[in-house]
Structures are given as structure tokens and as C-alpha cells.
Amino acid sequence: MASIPAPVPVPAGRSAGLAASTVGIARRGLLKFLRTPQLVVVGTIQSALFLLIFRYVFGGAIGAGGLDYVDFLVPGFITTGLLFAGMGAAAGVAEDLEQGFVDRLRSLPIPRSAVLAGRAMADTALLVWSLAITSAVGFAVGFRLHGGLADALAAFGLLLVFGFAFEWMFITLGLFAGTPQAAQGLALMVFPLTFVSSAYVPVESMPGWMQAFAEHQPVTVMVDAVRVLTQGPAAEALLGHGAGFYVTRALAWSAAILAVFVPLAVARYRRG
Amino acid sequence: MTPTIEATGLRKRFGRTVALDGLDLVAEPGQVLAVLGPNGAGKTTFVRTVATLLRPDAGELAVAGHDVRREPGAVRRVIGLAGQYAAVEPAMTGRENLHLVARLFGQDGRTARASSARVLDLLGLTGAADRLARTYSGGMRRKLDLGASLVGAPRLLLLDEPTTGLDPRSRIELWDAIGALVAAGTDVLLTTQYLDEADHLASRIVIIDHGRVVAAGTPGELKQRAGRNVIEVHTRDRAALARAAAGLAGPGQDQPQVEEATRRVRVAVAAGTDPLRDALGALDAAGIAVEDISLRPPTLDEVFLALTGQGLEQPTETAAGHPAA
Ligand SMILES: Nc1ncnc2c1ncn2[C@@H]1O[C@H](COP(=O)(O)OP(=O)(O)OP(=O)(O)O)[C@@H](O)[C@H]1O
Ligand SMILES: [Mg+2]
């Protein structure tokens, strides 16, 4: 134990700006992930297993028109993988609330929006990682690009925008849930979105009443955008529309999700 | 001079629970104020209100002259908070934790490194500074949390039960660290359930219960009114209890209390060790077999009894966490 501290003089009235605080908080989120090897390893193994099961166990029974099933499946797998990876944010936010970390941040002289922005930034960076893993696993089981490289990169960018939008949904759930367990439960809400979609099976194979939902919901639109961007004309023929159709809809859905959940999260966070 | 904290008629309720029920309190600069109270008294609610984490429903609250509702930003520049549950990031090292908070206080990289190193040194954590906080013991975590609250060199430290759950040695180390800060001119608001902690650290104690102040004063004043030591005797035979009580009436300052179930007799005594010697003499003279005898400071329960004329109700909850809703 040292003797009397020499206080470091800090000019009164100073505080970190929005950018600096956001980066600081985002860095913490990334370190938390990178230094918890279980998260990294378990996440990777889970997604690989999931793909292998669909590819080889169900794959034989599912017809995908003019596309190889693997080329049909992997865009769905990558898109839904984003949502499964993003689910963790809900429990993470609830845990930060419960364990007082958010209290500490909220007692600091930083813009309140920095806490949520930092969180969303870190989580979106993790989505890049998740996308890289799921794409690599996809290629390993036989997925191939049949369109241009520029289109494939556009798909990657579009997926990030989409994942970012859903991050805000999960952050909002985490803020409202109360406990990490409840947050985890609420995050399971994405299961209907991921399974009642074109991600794993063609929408036409579902009962009529379900098709109405499945066809228009954001996951289907996003998956189909990735299909057309990575598979080119064969996917267009199968799905019925060109890339522009799906991309604009995927962007519109992302914007709508952000328009709902960003204000909700911010309002909830401000209220405390 | 502007008070560090000035609360008038502060009210806060959660649903049907009234957590603060017209709390009045003033902390002057240069003071360590201890808020003492049992579980559920409203200590954490008060600290969170001062820290601008909760908005009061009614009443006034100013911190260093800034109203918590109208100028929360100004309040946040003045305070450093160590909440009831250590809020450090387990996946970062002690140094990284402090550095992050220092940067968020607006310090540049170099200043942040310097103040983190200084705080680590102050808390005796330099040796463990570069280990992940998840490898820390509970006491080390608590210290790191305290460090995070003071790395921004705040004028007012808010410490919510800083030593709850620590072993006696860590407790004293933390007291020393807090004492050093106070000597360097930091004002402190701390909450505690222990009279001896308040006595050791604070220049002024406010006792609260059910969200209201039930007594306030310097430790000396409160002890004069309530803080008499207690002699407690555990007899071998139940039959001897009445005679033990009679024997203790001499050295005691009030009526000895007999607790049949646990075969104990308790009596408040004057300061010093003389009463203990007298008590032993009296018990010996009466030929009473004693299992054990102790001289101790009064418990919070006994302080309440003395100050308010009524004991504590059973705590309505344990110190478990509530959602930070
Ligand atoms: N977020 C909350 N939601 C509902 N009730 C709450 C909340 N926070 C506190 N309370 C209630 O308000 C009362 C005061 O709680 P508070 O946490 O301020 O007590 P405390 O003195 O800090 O107790 P402890 O010694 O157990 O920490 C309690 O009855 C508690 O249950
Ligand atoms: Mg408390």
C-alpha cells in the first residue's frame, strides 16, 4: 500500500467525446470476446455442425430447383448464422446491466449514446468474424460462387448492414429483459424468423398460410439477395427476380429495423 | 461554501416499495459522510440517485451545487462511483480496466497511463496489474473497482458498501486506501451496514431506515448516545442465567438482558476494559461457570434500539442483487 497519492491534475469540465468513448467501449467488447476462447471455439463448432447436418442429412430430401442444394443452402446458412451469432448481444447487454458495468458507464461524463454505439460497433465487428467462419465452412462443403466477385463483395457488405440492424434488436431485447436468462429466452424469438424463411428450404414447400409470412419477412429477402448475388442467373431463374429487387428490399428491411429498435434502445437506456 | 451533497425531501419509489421517503441530508466539503442502515434501508437507491442513475420522484438533490435532474452532466464530472457490486471487466487486466475509465474521463493516453499506474500503486495492485481481472480474488476486484471510481480524480467518491464480503485484512487495507484519499482532499459518501466502519472512516454518520433519516451526528455524538460497548456472557447452565444477570448489574450501565434460548446475558457498559474485569470478578464471586465472555462494540441492531427505542425488523431481503432497471 503506497502513501498519499499525488492527484493527477485533470482540467475541470473535461470529458471524452463521442468517438473516443465509443471506441473505448467497443474495444472492451472485442477483448471480452477474444479473451473468452470458449465463445470463439464453441461458436465455430456449432455453426459447422449445423451446416453439415443440413447439407448431408436433410440435403438429399430437399429439392432446390436449378441450384445445387449446397449453393442454395449456404447463403441461408450464412444469413441465419449472423442472427445466431448476434443473439449473444442480448444476454451480454443484460449482464452488463445486472453486474453494474452499465452503472459505472452511466456515471461517467460521456455521451450516453456512446455506450450503445460502442456495443453495436463491437458486436458488428464480431459479425465480420462470424461471416468469415460461416463462409469458410460453406466453401469447405462445396459452396461455389457463380456470379462476379464484385457481387459477392456486395453480398458481404449487405450482410453486415443486415447484421448491424439485427444487433440493435438484440441490444433492445437485452435492455428490456431484466436478467441475462430472460434476455437469452427473448432472443430465441429469432427462431421463427430463421426457420420460417427460404434459408433452408424453398418457401413453396410450406403450407400456403405460412408462405405469406415466409416470403416477405426480412430473413427470406436477405437470403435471396445473397443467393442472386452469389449464384447469378440460376438463382434469378429459381427465385423469379433480379438482384436489385432483393437488395433494395433487404436494405429497406434493415432501415426499418433500425428505425424501430435504435430509438427504442436509446429511450430505454436513457430512462435507466 | 456549497455543500457537496444537499438532499431535501428526497422521494423514490419502485412500484409499491418506497425506497426513499423524504430523505434530508447535507454533506459539507471536506467531509466523509457515512450512510448507515440495514438491508433495504435505501442506501443504494440514495447513492444511485446522487450518481444520476435514478431520477428522484420528488424532492431536491444537488451535488456540488448542480441539480441532478437539470445538470446531470455536470454532476458526472464531479463524481466517481463504486457501486455495490464490483463493476470491472473480467476479461481485461487491472491496468486496462483503469485505463479505459481514465480515457472515458477525457484523459489523454499519457495521462491515463500515469493515473492508472498511480491508482494501482495506491491500492497495492501493481503486482497483479497485468493479470486479467477474472483471476482476481473478491477483495482484489473490490479494490480495482474502487480504483476505477477514483482514476478520474473525482471531487466526490461514492462508495456503496465498499467492504461488504471482504475478509478482515482486505477490509482494513481498503480502509487505509480510502483514508489516504481523504487525506489528499477527496470527499467521500459511503454506505455501510457496520458501525465500526462508519466510525473508522467517517466524520459524520447518517443512520437511515425505510428511506428516512433516523439519526445523524459525528461518530462521537452517536456513540455517546448509543455506541456503548456490550459485555456478553454465555453461561454453562441455564439455571445460572438469573444469577449472572444480577452479577452483571454492577458493572453494567443498564438492565442486563437475558436470552434463555442461547443461554446468554448482555449488558451495555462504559468504555474501556475495566467493566470486563469487574464483570469477571462478579461472576467469579457468584460461582457461575462461564462458557465464554466477550467485550464488543454494539451491533447495528443495538444502536438502533438505543437511538430509536426500537430494534430492527427482520431484514426484508438479503444483499442479493436487484435488477438495475
Ligand atoms: N430496481 C428496483 N426495483 C424494485 N425495487 C427496488 C429496486 N431497487 C431497490 N428496490 C427496493 O427499494 C428498497 C431499498 O433498496 P436499496 O437497494 O436502496 O436498499 P439498501 O439499503 O441498499 O439495501 P442493502 O443493504 O441490501 O444493499 C428495497 O425494498 C428494495 O427492494
Ligand atoms: Mg445496497
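The values are calculated or read from the model by the stated rules, or taken from the named source; none is laboratory data. Keep in mind that what you see is a predicted model, and the values were worked out from it rather than measured. A quick note on method: Cβ atoms are made from the backbone with ideal geometry, for glycine too, and the neighbour counts reach across all protein chains shown.
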All positions within the range B:83-93 that are more than 7 Å from every other protein chain (Cβ to nearest Cβ) and at pLDDT below 95: B:Q84, B:A86, B:V88, B:P90
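Yes/no per residue for (1) over 19 Å from B:G211 (Cβ atoms); (2) at pLDDT 85 or above; (3) within 15 Å of ligand 1 (Cβ to nearest atom):
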| residue | (1), (2), (3) |
| --- | --- |
| B:A285 | yes, yes, no |
| B:V290 | yes, yes, no |
| B:S294 | yes, yes, no |
| B:E302 | yes, no, no |
| B:L312 | no, no, yes |
| B:P315 | no, no, yes |
| B:G321 | yes, no, yes |
Qualifying position, being touching a Pro at 6+ places or on another chain (Cβ under 7 Å) and surrounded by fewer than 18 Cβ atoms within 10 Å (Cβ to Cβ), among B:A245, B:A180, B:A239: B:A180
Residues (surrounded by 22 or more Cβ atoms within 10 Å (Cβ to Cβ) and farther than 22 Å from B:I178 by Cβ) located in the range B:8-41: B:L10, B:K12, B:A19, B:L20, B:L23
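Restricting to the range A:145-179, give me the number of residues that are of a type in the set (V, I, T) and crowded, with 24+ Cβ neighbours inside 10 Å.
Of the residues in the range A:145-179, the ones of a type in the set (V, I, T) are A:161, A:171-172, A:179.
Restricting the remaining residues to those that are crowded, with 24+ Cβ neighbours inside 10 Å gives A:171-172.
Result for the range A:145-179: 2.
Results for (1) part of a loop (DSSP other than H, G, I, E, B); (2) β-branched (V, I, T); (3) within 16 Å of ligand 2 (Cβ to nearest atom); (4) within 17 Å of B:R212 (Cβ to Cβ), shown as yes or no for each residue.
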position: B:T2; (1), (2), (3), (4): yes, yes, no, no
position: B:L20; (1), (2), (3), (4): no, no, yes, yes
position: B:A34; (1), (2), (3), (4): no, no, yes, yes
position: B:L61; (1), (2), (3), (4): no, no, no, yes
Contacts under 8 angstrom Cβ, first residue in the range A:253-272 being within 14 Å of chain B (Cβ to nearest Cβ), partner part of a helix (DSSP H, G or I), 6 or more apart: A:R268/A:T172; A:R268/A:L175; A:R268/A:F176; A:Y269/A:V115; A:Y269/A:L116; A:Y269/A:L175; A:G272/A:R106
The lone exception for A:S254 - which of (1) of a type in the set (G, A, S); (2) surrounded by fewer than 18 Cβ atoms within 10 Å (Cβ to Cβ); (3) at pLDDT 90 or above it fails: (2)
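This table checks each residue for (1) in contact with a Ser or Thr (Cβ under 9 Å, 6 or more places away or on another chain); (2) over 17 Å from B:L157 (Cβ atoms); (3) not polar (S, T, N, Q).
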| position | (1), (2), (3) |
| --- | --- |
| B:G15 | no, yes, yes |
| B:A27 | yes, no, yes |
| B:A34 | yes, no, yes |
| B:V47 | yes, no, yes |
| B:L54 | yes, yes, yes |
| B:V75 | yes, no, yes |
| B:A86 | no, no, yes |
| B:F105 | yes, no, yes |
Test result for A:T220, part of a helix (DSSP H, G or I) and free of Cβ contacts under 8 Å to residues at least 24 places away in the same chain: yes
Criterion violated by B:T44 - all others in (1) within 12 Å of chain A (Cβ to nearest Cβ); (2) farther than 17 Å from B:V213 by Cβ satisfied: (2)
Test: B:E232 is within 18 Å of B:A41 (Cα to Cα) and modelled with pLDDT of 85 or more: no
Subset tally (residues that are surrounded by fewer than 17 Cβ atoms within 10 Å (Cβ to Cβ), more than 8 Å from chain A (Cβ to nearest Cβ) and outside any helix (DSSP H, G or I)) for the range B:105-142: 4
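Considering every residue within the range B:64-82, establish whether at least one is more than 14 Å from every other protein chain (Cβ to nearest Cβ), part of a loop (DSSP other than H, G, I, E, B) and within 16 Å of ligand 1 (Cβ to nearest atom).
Going residue by residue through the range B:64-82, those that are more than 14 Å from every other protein chain (Cβ to nearest Cβ) are B:67, B:70.
If we keep only those that are part of a loop (DSSP other than H, G, I, E, B) too, we end up with B:70.
The next check asks that each one be within 16 Å of ligand 1 (Cβ to nearest atom); those that pass are none.
Within the range B:64-82, not a single residue is more than 14 Å from every other protein chain (Cβ to nearest Cβ), part of a loop (DSSP other than H, G, I, E, B) and within 16 Å of ligand 1 (Cβ to nearest atom).
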Test: B:A102 is more than 8 Å from every other protein chain (Cβ to nearest Cβ), touching a residue at least 40 places away in the same chain (Cβ under 8 Å) and under 19 Å from A:I110 (Cβ atoms): yes
Of all residues making up the range B:159-172, the number that are modelled with pLDDT of 85 or more, crowded, with 16+ Cβ neighbours inside 10 Å, within 12 Å of chain A (Cβ to nearest Cβ) and away from ligand 2 (no atom under 12 Å from the Cβ): 0
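From the list B:R76, B:R11, B:R48, pick out the single residue that is touching a Leu at 6+ places or on another chain (Cβ under 8 Å), among the basic types (K, R) and within 16 Å of ligand 2 (Cβ to nearest atom). Walk me through how you get there before you give the answer.
Numbers: B:R76 fails: within 16 Å of ligand 2 (Cβ to nearest atom); B:R11 fails: within 16 Å of ligand 2 (Cβ to nearest atom).
Only one candidate passes the filter, namely B:R48.
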A:T22 in a helix (DSSP H, G or I), within 14 Å of another protein chain (Cβ to nearest Cβ) and in contact (Cβ under 8 Å) with a residue 40 or more places away in the chain: yes
Single match in B:D145, B:D209 (criterion: buried (at least 20 other Cβ atoms within 10 Å of the Cβ), within 16 Å of ligand 1 (Cβ to nearest atom) and facing chain A (nearest Cβ under 10 Å)): B:D145
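Quick one: in the range B:164-199, which of the residues that are in a loop (DSSP other than H, G, I, E, B) and out of contact with any Gly (no Cβ under 9 Å at 6 or more places or on another chain) is nearest to ligand 1 (Cβ to nearest atom)? First the steps, then the outcome.
Start the filter on the range B:164-199 by keeping residues that are in a loop (DSSP other than H, G, I, E, B), which leaves B:164-167, B:184-186, B:193-194.
Subset that is out of contact with any Gly (no Cβ under 9 Å at 6 or more places or on another chain): B:164, B:184, B:194.
Values: B:T164: 8, B:A184: 28, B:Y194: 11 Å.
Among them, the one singled out is B:T164.
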Among (1) within 19 Å of the chain's Cα centre (by Cα); (2) farther than 19 Å from A:S21 by Cβ; (3) within 14 Å of ligand 1 (Cβ to nearest atom); (4) not acidic (D, E), the one test that B:T4 misses: (3)
Selection count, the range A:19-67, where residues are surrounded by 15 or more Cβ atoms within 10 Å (Cβ to Cβ), of a type in the set (V, I, T) and under 14 Å from A:V137 (Cα atoms): 1
Verdict on A:S113 being of a type in the set (S, T, Y), at the interface with chain B (Cβ under 10 Å from one of its Cβ atoms) and farther than 30 Å from A:A235 by Cα: no
Subset tally (residues that are closer than 22 Å to B:K12 by Cβ and in a loop (DSSP other than H, G, I, E, B)) for the range B:200-213: 2
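For the range B:217-248, name all the residues that are free of Cβ contacts under 8 Å to residues at least 24 places away in the same chain and among the hydrophobic types (A, V, I, L, M, F, W, C). I'd like the intermediate steps shown before the answer.
Our first condition is that a residue be free of Cβ contacts under 8 Å to residues at least 24 places away in the same chain; within the range B:217-248, this holds for B:217-221, B:224, B:239, B:242, B:245.
Hits for the range B:217-248 are B:A239, B:A242, B:A245.
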